[in-house]
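The values are calculated or read from the model by the stated rules, or taken from the named source; none is laboratory data. Given the structure is predicted, the values throughout are model-derived calculations rather than measurements. We place every Cβ from the backbone using ideal geometry, glycine too, and count neighbours over all the protein chains shown.
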Amino acid sequence: MTKPATRIQKKNRAAILSAGLEVFSQFGFRGATLDQIAEAAGLSKPNLLYYFPSKEEIHQQLLTSLLSNWLDPLRKMDDAGDPIEEILSYAKRKLDLSRDFPRESRLFANEVLQGAPHLGDTMPALKALVDRKAEVINGWAKAGKIASIDPHHLMFLIWAQTQHYADFDVQVRAVLGRDDPFPEAFVFMEHMLRRTLAP
């Protein structure tokens, strides 16, 4: 029987994962090194290797956790709810993720830009969830509850619009000249989506 982790072990694992997130989101998987992660975690490299035997294992654990959180806003879209409000709520949840978890967004973006070599097993699950929600959106359109719109490209639009604020954070803040673009971002996105979706 495996002994439960001690407080120090939990603290060190959390420090390594946080450091890994910082390093991977900045340099990507290829550019990141165990030395960088150990330094960011405040641990020696041998100490880090006690908890995680490889860079790959740290990266994979981060991606597994990320994907569960990343898909959750889409899972929460209520098939029986008001169509426009459900789509707007989904977009708001995605924008909130970009605001609250920018490093995770950049980690995901870096992985996809590299051809998603560590996400291969999860892509079918992502496709299945998106396809199921696309059927719901098509059903809403056929019932005249929203405008006729390609549901997959609607998803891509929402992803691009919301994740941009995390992935290109420096650019957004430089252009706007302020630190918090999110309240105005949602006002704009809500206006655009309501006009696009109105039957």
Which residue is farthest from the chain's Cα centre (by Cα), if the candidates are limited to the range 102-143 and must be among the β-branched types (Val, Ile, Thr) and more than 18 Å from GLN161 (Cβ to Cβ)?
VAL136
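May I ask you to list the residues in the range 94-145 that are part of a loop (DSSP other than H, G, I, E, B) and under 18 Å from SER68 (Cβ atoms)? So that I can check it myself, show each step before the final result.
Of the range 94-145, the ones part of a loop (DSSP other than H, G, I, E, B) are 101, 114-122, 143-145.
Answer for the range 94-145, where residues must be part of a loop (DSSP other than H, G, I, E, B) and under 18 Å from SER68 (Cβ atoms): PHE101, ALA116, HIS118, LEU119, GLY120, ASP121, THR122.
Filter the range 104-134 for residues that are closer than 20 Å to PRO151 by Cβ and charged (D, E, K, R); which is surrounded by the most Cβ atoms within 10 Å (Cβ to Cβ)?
Narrowing the range 104-134 to residues closer than 20 Å to PRO151 by Cβ: 123-134.
The next check asks that each one be charged (D, E, K, R); those that pass are 127, 131-133.
Numbers: LYS127: 12, ASP131: 11, ARG132: 13, LYS133: 21.
If we take residues in the range 104-134 being closer than 20 Å to PRO151 by Cβ and charged (D, E, K, R), then LYS133 is surrounded by the most Cβ atoms within 10 Å (Cβ to Cβ).
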So how many residues does the range 65-91 have that are part of a helix (DSSP H, G or I) and surrounded by 15 or more Cβ atoms within 10 Å (Cβ to Cβ)?
14
Write out, first by first residue and then by second, each pair whose Cβ atoms fall under 6 Å of each other, whose residues are 6+ apart or on separate chains, and whose first residue, in the range 35-46, is in contact (Cβ under 8 Å) with a residue 60 or more places away in the chain while the second is of a type in the set (Val, Ile, Thr).
none
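Here are some residues: PHE168, PHE156, PHE188. Which one is surrounded by 14 or more Cβ atoms within 10 Å (Cβ to Cβ) and either in contact with a Phe, Trp or Tyr (Cβ under 8 Å, 6 or more places away or on another chain) or in the same structural domain as ARG103 (by TED's automatic domain parsing) (or both)? Before you say what the answer is, go through the steps one by one.
Numbers: PHE156 fails: surrounded by 14 or more Cβ atoms within 10 Å (Cβ to Cβ); PHE188 fails: surrounded by 14 or more Cβ atoms within 10 Å (Cβ to Cβ).
The unique qualifying residue is PHE168.
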Can you work out which of the residues in the range 8-39 that are loosely packed, with under 15 Cβ neighbours inside 10 Å and within 14 Å of GLU56 (Cβ to Cβ) is modelled with the highest pLDDT?
THR33
Looking at the range 1-33 only, could you name the residues that are closer than 20 Å to GLU104 by Cβ and of a type in the set (A, V, I, L, M)?
ALA14, ALA15, ILE16, LEU17, ALA19, LEU21, VAL23, ALA32
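With the requirement that a residue be surrounded by 15 or more Cβ atoms within 10 Å (Cβ to Cβ) and in a helix (DSSP H, G or I), what does the range 50-59 give you?
In the first step, residues of the range 50-59 are kept if they are surrounded by 15 or more Cβ atoms within 10 Å (Cβ to Cβ); the result is 51-52, 55, 58-59.
Selection gives TYR51, LYS55, ILE58, HIS59.
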Need the failing condition index for ASP78 against (1) touching a residue at least 24 places away in the same chain (Cβ under 8 Å); (2) touching a helix residue (DSSP H, G or I) at 6+ places or on another chain (Cβ under 6 Å); (3) not β-branched (Val, Ile, Thr), just the number.
(1)
